[in-house]
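Notes to accompany the following structure.
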Protein chains: 2
Amino acid sequence: MKEFDVIERFFAQQSHQRKDVLLGIGDDCAVTSVPEGQNLATTTDTLIAGVHFPHDTPAEAIAHKALAVNLSDLAAMGAEPAWFSLALSLPEVDENWLEGFSRSLFDLSQYYSIQLIGGDTVQGPLSITVTAQGFIPQDQALRRSGASPGDLLYVTGNLGDAGAGLDISKGELSVSENCETYLVNRLNYPAPRLLAGTALRRIASSCIDISDGLAKDVMHILKQSDCGAKIFVEKLPLSIALKEAVDIEEAYRYALSSGDDYELLFTVSEEQKGNLDIALANANINATCIGQLNGVKQKLELRLNDEAYSLQRSGFEHFN
Amino acid sequence: MKEFDVIERFFAQQSHQRKDVLLGIGDDCAVTSVPEGQNLATTTDTLIAGVHFPHDTPAEAIAHKALAVNLSDLAAMGAEPAWFSLALSLPEVDENWLEGFSRSLFDLSQYYSIQLIGGDTVQGPLSITVTAQGFIPQDQALRRSGASPGDLLYVTGNLGDAGAGLDISKGELSVSENCETYLVNRLNYPAPRLLAGTALRRIASSCIDISDGLAKDVMHILKQSDCGAKIFVEKLPLSIALKEAVDIEEAYRYALSSGDDYELLFTVSEEQKGNLDIALANANINATCIGQLNGVKQKLELRLNDEAYSLQRSGFEHFN
């Protein structure tokens, strides 16, 4: 099967067509239009087999994750998804694999109304690069740099599940079958918090998505906002499955230091707390206050039941 | 050196700042704005070491080519460059390599006023994916699908140089030192025809850039415009270096079937020919009429001095 046939058969024939895509796959460029009054948010993430996911990960999970991690960046900015490009490097043309990959990709893209507008298919080691774009009303982007001392620190959903899921899939953690399914799914099928992101516009003072681990990602907010923070470890939101799978110390460690959760971490001023509660309730979003910002510049303090708490690992790092 | 340090040191500190980039590298997304009345053109291309360029290609040439092939797609659409994202997979952090790569990348991006707004740096086999975006005035995109029987077929610049350059760099062709430098540079440092692309707006009926070889890429126009074409092989524009390096039969073969030229191939109706001549002269652009379209659907006929001409190879193909 030739390159053009791969694109034609598996990627060009999608059902979902946005009105702002004037020209989709099949020319030198896609042509799109941005609504008046909206800015464009752009993000790029690459997943490489053996680095970002185990080699035996199902094609469906790889496709889901490749798009979801980019959607998560859009969510962290408060953006509404619009279009994405896909650069796919494949060692060979495996039609079953491509069938599962493209089905899963289009399931997720249709759910969030984001349209594939182009890309590139090349022969090489398995790797997937997605560039995703979305809209944000002018001046409403949720940056990492807007937090101030006194702001409350929140996180959506639960933390640590994906880290436990990774250890399970590597055979380093053994748990009950129910827990295993739940935790491995949290690793392989992360849910981008797009609804939360748009609900937080004009309410959150800063926002980031947790991809490398809470303790590490919070530092981006602290650095770019020039603040410090105290996190109350006993407040970290943990799933029932994680608490059942490991003891509480281990659960805290996963929640603080393991990556791939793709929850949103954000700050809110005391004055905006009322608006936050209303926005979260209206959109039916779970978020937990886990700490507070202070003026101790770029320092993170962990407390567990009023005592200092220390953490060894601090998140995933390339090129270490 | 850590991932964040690589980005910070080699890629975040660029001098070129566009006013429409509201937020550049360093947050979850970049935030940009599109001028009123303009559409957005988006293209993605991946280059993989050993597939798209020989393993011993200098870092400077890899960076140049990775961006230039995307700029060429923008040119083929009639777009004006605006922003790009870079996904870089590196086997290791080699500071010399990164120094050369980033310098060359920023030289080219500055020349064309296109700003790096984000990306991803990961550890893996050497590969580069660029997603580039540009602006096109509403309804002026140069598509592949607008050609009609009777339209004249043109190409910018010269053809076949890059193909000869590739054979030279693989040690399969030996030429004089002068010719070698010229031809290998045409392979490694392609010049995207952006000026020609914008000059052709509202004049060309269709346009494509030649990346896989003339004989192959013309088929995209014929297929999408549902036309046929006759190409007069003796009219193919050849550089002095190529004619000096190989005999004329071989030069025609390179011009017709080798890839990586990144010249623009376009069609113009007889009525627009006067406007074309003026536009080309005003912008000081070389373009040659090499044939004409006809109604013999999706068939390419090659003629050399009024006789039928046949070609064995038909361009680069993945997954063959």
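The values are calculated or read from the model by the stated rules, or taken from the named source; none is laboratory data. None of the values given here were measured: they were computed from a predicted structure. Every residue, glycine among them, receives a Cβ derived from its backbone with ideal geometry; neighbour counts consider all protein chains shown. To get the accessible areas, we keep the full protein, side chains included, count just its heavy atoms, and leave off ligands, DNA and RNA. Shrake-Rupley method; radii C 1.70, N 1.55, O 1.52, S 1.80 Å.
List of remarks:
- Kirkwood Rh in Å, taken over all unlike Cα pairs in the protein assembly as shown: 25.9
- Proximal lysine pairs, region B:152-308, alpha carbons under 27 Å, eight or more residues apart or interchain: 22
- Taking only the Cα atoms of region A:152-308, the radius of gyration and Dmax are 15.4, 47 Å.
- Across region A:226-234, computed HN-Hα scalar couplings (Karplus, 6.51 cos²θ - 1.76 cosθ + 1.60, θ = phi - 60°) run 6, 10, x, 8, 10, 10, 8, 4, 5 Hz from first to last residue, x flagging Gly and Pro.
- Taking all protein chains as shown and a probe of 1.4 angstrom, B:F53 keeps an accessible surface of around 10 Å².
- Among the trypsin sites (Lys or Arg not before Pro) in region A:1-64, those placed in a DSSP loop whose Cβ has at most 16 other Cβ atoms within 10 Å are A:K2, A:R18, A:K19.
- The phi torsions of region A:83-99, fed into the Karplus equation with coefficients 6.51, -1.76 and 1.60 and a -60° offset, translate into couplings of 9, 8, 10, 10, 10, 10, 9, 10, x, 7, 8, 10, 5, 4, 4, 5, 4 Hz, rounded to whole numbers, with Gly and Pro shown as x.
- Placing a label point 7 Å from Cα along the Cα-to-Cβ axis, B:N305 is separated from the same position in the other copies by 9.6 nm, shortest listed first.
- Over 28 Å [Cα-Cα, chain B], rounded percent: 42
- Backbone geometry of region A:28-34 corresponds, through the Karplus equation with coefficients 6.51, -1.76 and 1.60 at θ = phi - 60°, to 3J(HN,Hα) couplings of 5, 9, 7, 10, 9, 10, 9 Hz, x marking Gly and Pro.
- Stokes-Einstein diffusion coefficient of region B:22-171, Kirkwood radius over Cα pairs, 4 °C, 1.567 mPa s, in µm²/s: 76
- Share of carbon and sulfur in the accessible heavy-atom surface of chain A [1.4 Å probe, %]: 45
- Those trypsin sites (Lys or Arg not before Pro) in region B:218-302 that DSSP places in a loop and that have at most 14 other beta carbons within 10 Å: B:K297, B:K299
- Relative to the other identical copies, A:D107 shows label-point distances of 4.9 nm, where the label point lies 7 Å from Cα along the Cβ direction and values run shortest first.
- DSSP bridge analysis restricted to the protein assembly as shown gives an antiparallel fraction near 75%, rounded to the nearest 5.
- Principal-axis tilt of helix B:248-257 within chain B, Cα atoms, nearest 10 degrees: 60
- Rounded to 0.05, the FRET efficiency of the A:A308 and A:S148 pair, given R0 = 22 Å and the Cβ-Cβ distance, is 0.35.
- Nm distances between copies for A:E234, ranked from closest, using label points 7 Å along Cα→Cβ: 9.3
- Here the label points at A:I240 and A:Q17, each 7 Å from Cα along the C-beta direction, are separated by 4.5 nm in the simple model.
- Rg followed by Dmax, in Å, when region A:125-168 is reduced to its Cα trace: 17.0, 48
- Rounded to the nearest 10 Å², the accessible area of B:I240 at probe 1.4 Å: 140
- Note on region B:143-176 and region B:209-232: Cα centroid distance 12 Å, given to the nearest whole angstrom.
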